[in-house]
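Below are the structure tokens for one structure; questions will follow.
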Amino acid sequence: MQELAERAGITTPTLRGIERGDLTVGLGAAFEVAALVGVPLFHEDRAQLSINLDRTRDRAALLPQRVRPRREGVKDDF
């Protein structure tokens with residue numbers, strides 16, 4: 001783990017954050033680590049990219065449109 005962090009130019013805690021999917025970790029660091037360990041992030045094959053896009057859209061269709069209920073307008077007539 002220490003060696004990978006050094007090769008990526010990041011700290012070990014940052015590497016742990018990447019492993020956990022921590023959203024505060026820089027995208028560039030996550031891309032660098034992925035490249036170092038051989039995880040493909042993008043497909044050059046347009047057909048595979050199209051399949052992945054369709055799958056993502058199908059999954060997104062299952063999610064609610066809004067997580068939080070809409071707020072009514074601010075009532076400031078106090």
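The values are calculated or read from the model by the stated rules, or taken from the named source; none is laboratory data. Computed from a predicted structure; not experimentally measured. In this analysis, Cβ positions are derived from the backbone assuming ideal geometry, glycine residues included, and neighbour counts consider all displayed protein chains. What goes into the accessible areas is simple: the full protein's heavy atoms, side chains included, and nothing from ligands, DNA or RNA. Shrake-Rupley method; radii C 1.70, N 1.55, O 1.52, S 1.80 Å.
Between helix 27-37 and the chain, what is the angle of the helix's C-alpha long axis to the longest principal axis, kept within 0 to 90° and rounded to the nearest 10?
40
Set Lys and Arg Cβ to +1 and Asp and Glu Cβ to -1, take the dipole of the chain about its Cα centre, and tell me which of PHE31, THR12, GLY73 lies farthest positive.
Of the listed residues, the answer is GLY73.
Out of (1) 35, 28, 21; (2) 60, 39, 15; (3) 68, 27, 17, which label holds the value of Cα extents along the principal axes in Å that was computed here?
(2)
In whole Hz and in residue order, list the ³J(HN,Hα) couplings for region 51-59 that follow from phi through the Karplus curve 6.51 cos²θ - 1.76 cosθ + 1.60, θ = phi - 60°; x for Gly and Pro.
4, 5, 5, 4, 4, 5, 5, 4, 5
Which net charge results when you count Lys and Arg as +1 and Asp and Glu as -1 among the other residues whose beta-carbon is under 14 Å from that of LEU15? Walk me through the intermediate numbers first.
On the way: positive: ARG7, ARG16, ARG20; negative: GLU3, GLU6, GLU19, ASP22, GLU32.
Taking every other residue near LEU15 into account, the sum is -2.
Ok, one more. For a protection proxy built on the mean count of beta-carbon atoms within 10 angstrom, sort 23-29, 6-12 highest first, please. Before the final figure, lay out the partial values.
On the way: 23-29: 11.6, 6-12: 14.4.
Most protected by this proxy first, the peptides run 6-12, 23-29.
At 222 nm, what value in deg cm²/dmol follows for the chain if DSSP H runs of at least 4 each add -39500 (n - 2.57) and the sum is divided by all its residues, to the nearest 500? Spell out each step's value before the answer.
Working: 4 runs with 44 residues, N = 78.
Theoretical 222 nm ellipticity from helices: -17000 deg cm²/dmol.
So, for the chain, what is the accessible surface per residue at a probe of 1.4 Å, expressed in square angstrom?
Result: 93 Å² per residue.
What FRET efficiency, computed as 1/(1 + (r/R0)^6) with R0 = 35 Å and r the Cβ-Cβ distance, is obtained for ASP22 and SER50, rounded to the nearest 0.05?
Values: r = 30 Å, r/R0 = 0.86.
So, using R0 = 35 Å, E works out to roughly 0.70.
Under a point spin-label approximation (7 Å from Cα along Cα-to-Cβ), what is the LEU63-LEU36 distance to one decimal in nm?
Taking the simple label geometry, LEU63 and LEU36 are separated by 2.9 nm.
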